[in-house]
Every structure is written in structure tokens, then in C-alpha cells.
Amino acid sequence: MLPEQQYCHVERRINRRMALTPEQISDRIEIEDVLTLYCYAVDDREWDVYRGLFTHDAVIDDRATGGIQSGVEEHIQYLRGALSKVVLSQHAISTARIDLSGDAAQVRAHCSCPMLMKLGEGKDHVFFQGLWYRNSLVRSHEGWKISRLVEEGYWTYNMPPNFTF
């Protein structure tokens, strides 16, 4: 049998208001799903899925990694070329900070991404990238969509000499 004091502690926790509403919890899960789908869409080169994650007027800015600032369609064309040098990538988003404000959200999330390149003559080269995504998302009739994606704080490890995307 538990001491009386522990029962009181449990009762206080049960009676305390929840810090997040069920809708806020749902919004956070849905936003994290968008971020996860983004990773898979890029890694699997599923450009229709990628396109569907953004608003029609979204701005994508990955100049920090040597990329471009553009709209979605132009960015898909850029990524097709840039990732043609990479055989395998595994984007992994973590430590997402999600700030909700009604039908809008600001997200900062870390991304780590090992990549595999074929160098020819049966040689592979593995390198790593890391960065922060700063995303703006809006709730649409189709769910949460990215309206702005900015990459910052870019770092690499074991990047091949003279490699560019």
C-alpha cells in the first residue's frame, strides 16, 4: 500500500490543467509528420510528395548549403540535379521547436544527413551534413503546409574536396 502522501501527489497532477489543448497536441503531431514526410520525399526523390508539402507560393532558401532561393517547382529541378551525385541520403529531423499561433506555426528543427556517393572504380564515399531548418507553416484545408523553408547553421564532415551540390 502506498503512503497517503503519494496519493495526494497523484491527485494534484490529475486535477491540474493540461499545458496543451488536444488541438495543440494534434497540430504538433501533424507538423512533425510534415517534417518527416519532407525528409522521406527528398531521400526517396518523390517529387510529387515533396510538392504537396508546400503552399503554392512557398519560398525555399537553401543558399546556406550552396543551393538556391526559389519557389517549389524551380527547387525540385535544382534538387534533381544536385542530388544526382548522391546515391543515398538519410535526412533525420530532431529537436523540433514548434511555436503555434492559430493557423500558423514557426518551427526550428535540427537535421542530420549522412550521404553516400559513388566515386567510381567500386569506391564509395560517405559524408555528413547538419543544419537547422527554420520553417513557417500554415494550416490549409489540406492540413499543415510549409510556406517558407530556410536552411541555416550548415556544417559538414568528410565532404569530398571541391564537392558542390
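The values are calculated or read from the model by the stated rules, or taken from the named source; none is laboratory data. These numbers were taken from a predicted model, which means no experiment stands behind them. Please note: Cβ atoms are built from the backbone with ideal geometry, for glycine as well, and neighbour counts cover all protein chains shown.
Below, the figures for the structure above:
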read-out	value
Qualifying residue in the stretch 36-59 (condition: more than 18 Å from W144 (Cα to Cα) and touching a residue at least 60 places away in the same chain (Cβ under 8 Å))	no
Residue selected from the stretch 57-77 under the condition buried (at least 17 other Cβ atoms within 10 Å of the Cβ) and in contact with a Ser or Thr (Cβ under 7 Å, 6 or more places away or on another chain), by the criterion nearest to Y40 (Cα to Cα)	I60
Which numbered condition D57 fails, given (1) out of contact with any helix residue (DSSP H, G or I) (no Cβ under 8 Å at 6 or more places or on another chain); (2) outside any helix (DSSP H, G or I); (3) under 18 Å from L35 (Cβ atoms)	(3)
Residue check, T164 modelled with pLDDT under 95, of a type in the set (S, T, N, Q) and more than 19 Å from R28 (Cβ to Cβ)	yes
Check on T164, within 16 Å of the chain's Cα centre (by Cα) and either farther than 22 Å from D48 by Cβ or loosely packed, with under 13 Cβ neighbours inside 10 Å (or both)	no
So E121, is it surrounded by fewer than 17 Cβ atoms within 10 Å (Cβ to Cβ), more than 16 Å from T36 (Cα to Cα), touching a helix residue (DSSP H, G or I) at 6+ places or on another chain (Cβ under 7 Å) and of a type outside the set (S, T, N, Q)	no
Residues of the stretch 112-161 classified as of a type in the set (S, T, Y) and either more than 25 Å from F54 (Cβ to Cβ) or not in a strand (DSSP E or B) (or both), total	2
Residues (in a strand (DSSP E or B), among the small types (G, A, S) and exposed (fewer than 15 other Cβ atoms within 10 Å of the Cβ)) located in the stretch 88-111	A92, S94, S101, A104
Residues satisfying the stated conditions in the stretch 110-131, i.e. free of Cβ contacts under 8 Å to residues at least 24 places away in the same chain and within 17 Å of Y40 (Cα to Cα)	H110, S112
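For (1) farther than 20 Å from H91 by Cα; (2) at pLDDT below 95; (3) within 13 Å of the chain's Cα centre (by Cα), each residue gets a yes or a no:
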residue: M1; (1), (2), (3): yes, yes, no
residue: L20; (1), (2), (3): yes, yes, no
residue: A41; (1), (2), (3): no, no, yes
residue: D61; (1), (2), (3): no, no, no
residue: G71; (1), (2), (3): yes, no, no
residue: Q77; (1), (2), (3): no, no, no
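Here is a yes/no grid of residues against (1) farther than 30 Å from I25 by Cβ; (2) touching a residue at least 24 places away in the same chain (Cβ under 8 Å); (3) of a type outside the set (S, T, N, Q):
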| site | (1), (2), (3) |
| --- | --- |
| S84 | yes, no, no |
| I93 | no, yes, yes |
| R108 | no, yes, yes |
| Y133 | no, yes, yes |
| W155 | yes, yes, yes |
